[in-house]
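Student: Before I ask anything, let me first share the structure, which is written out below as structure tokens.
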């Protein structure tokens, strides 16, 4: 019997290029996208008789891996892998890979798009027109404003380039500065937070228990500033963010990622007119999906054919 490859990424499907590639290598794709939160029984049985997996961002816990006797490799069809218990997988000899460099332009473009939407109040304007009104409130130009970026990986670099092209002053906090980039000013984290008109997150979740953007850092932001998060929902204390938005401590937030997705009914972010929330789609362009899916498929194939994968995160 051909090795079975579990695919939970909802945009991958039978007959596409990933499906064809896997079958060309003698593998059998098995599709199981999560239409709703999986039950405990479903989670624990997810990897039964599975040799490799191409996964969306749903959690993979140590308990889920305990019964995965055949599983050799997990490949994320994206960059983030915080949802996977990499330590538990490694202890069981299961390789874990991701797909960096496949969606950073898409992420950067949506980041700038969210900034433009908040700067020009496009949600309020289009809603007013749809409702028969004709709102013409003044927005803000991006040129001359300050874009603060935390993290300078591929999406952070791409966002910085776009911000500079709009005539923004770009401040970046990173442990890997690029001194040759004259369009960017590298500085410390607190300076970026305090001076940004638009504060954009492009960093991985840390290993500490605290949040990157917590109450003190929200207080340190300008009252006219907007927080943009296209990176990780776990970076932001959503309770404190909701308080800051309600009190107008900051002007707004545009969030493509949340700590719990989809947005829960009891989320404190519900009903806030200065919170713009999208459905974790920063990297979801046709082009990025194709690149990410193929990168994940190649990782699975490499491991199953005893080659070192291009982008392991477990070593």
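The values are calculated or read from the model by the stated rules, or taken from the named source; none is laboratory data. Being a predicted model, the structure only gives us computed values, none of them experimental. Cβ coordinates were reconstructed from backbone atoms using ideal geometry, including for glycine residues, and neighbour counts include every protein chain displayed.
Student: Can you name the residue in the stretch 182-205 that is in contact with a strand residue (DSSP E or B) (Cβ under 9 Å, 6 or more places away or on another chain) and part of a loop (DSSP other than H, G, I, E, B) and is also farthest from residue 222 (Cα to Cα) among such residues? Reasoning before the result, please.
Tutor: Initial filter on the stretch 182-205 (in contact with a strand residue (DSSP E or B) (Cβ under 9 Å, 6 or more places away or on another chain)): 183-203.
Next, only the ones that are part of a loop (DSSP other than H, G, I, E, B) stay: 183, 187-188, 196-197, 202-203.
Details: 183: 23, 187: 17, 188: 16, 196: 7, 197: 7, 202: 20, 203: 21 Å.
Per the criteria, the residue is 183.
Student: Additional query: Quick test for you: out of 132, 78, 144, pick the one residue that is in a loop (DSSP other than H, G, I, E, B) and either at pLDDT below 95 or surrounded by 15 or more Cβ atoms within 10 Å (Cβ to Cβ) (or both). Even if it seems obvious, please write down each step before you answer.
Tutor: Numbers: 132 fails: either at pLDDT below 95 or surrounded by 15 or more Cβ atoms within 10 Å (Cβ to Cβ) (or both); 144 fails: either at pLDDT below 95 or surrounded by 15 or more Cβ atoms within 10 Å (Cβ to Cβ) (or both).
None of the others qualify; the one that does is 78.
Student: Among the residues of the stretch 2-49, write down those that are without any contact (Cβ under 8 Å) to a residue 12 or more places away in the chain and part of a loop (DSSP other than H, G, I, E, B).
Tutor: Matches in the stretch 2-49: 15, 35, 36, 37, 39.
Student: Does residue 125 fit the bill of being out of contact with any helix residue (DSSP H, G or I) (no Cβ under 9 Å at 6 or more places or on another chain) and either assigned to a loop (DSSP other than H, G, I, E, B) or surrounded by 14 or more Cβ atoms within 10 Å (Cβ to Cβ) (or both)? Working first, answer last.
Tutor: Numbers: out of contact with any helix residue (DSSP H, G or I) (no Cβ under 9 Å at 6 or more places or on another chain): yes; either assigned to a loop (DSSP other than H, G, I, E, B) or surrounded by 14 or more Cβ atoms within 10 Å (Cβ to Cβ) (or both): yes.
Answer is yes for this residue.
Student: Which one of the conditions (1) within 19 Å of residue 55 (Cβ to Cβ); (2) under 19 Å from the mean Cα position of the chain (by Cα); (3) touching a residue at least 60 places away in the same chain (Cβ under 8 Å); (4) outside any helix (DSSP H, G or I) does residue 314 fail to meet, given that it meets all the rest?
Tutor: (2)
Student: Within the stretch 147-167, work out how many residues are free of Cβ contacts under 8 Å to residues at least 40 places away in the same chain and either within 22 Å of residue 236 (Cβ to Cβ) or part of a helix (DSSP H, G or I) (or both). It would help to see each step written out before you state the result.
Tutor: At the first step, the residues of the stretch 147-167 found to be free of Cβ contacts under 8 Å to residues at least 40 places away in the same chain are 160, 164-165, 167.
Filter once more, keeping what is either within 22 Å of residue 236 (Cβ to Cβ) or part of a helix (DSSP H, G or I) (or both): 160, 164-165.
So the answer is 3.
Student: Name the one entry in 241, 235, 281 that is out of contact with any helix residue (DSSP H, G or I) (no Cβ under 6 Å at 6 or more places or on another chain), farther than 22 Å from residue 141 by Cα and exposed (fewer than 14 other Cβ atoms within 10 Å of the Cβ).
Tutor: Values: 241 fails: exposed (fewer than 14 other Cβ atoms within 10 Å of the Cβ); 235 fails: exposed (fewer than 14 other Cβ atoms within 10 Å of the Cβ).
Of 241, 235, 281, the one residue that is out of contact with any helix residue (DSSP H, G or I) (no Cβ under 6 Å at 6 or more places or on another chain), farther than 22 Å from residue 141 by Cα and exposed (fewer than 14 other Cβ atoms within 10 Å of the Cβ) is 281.
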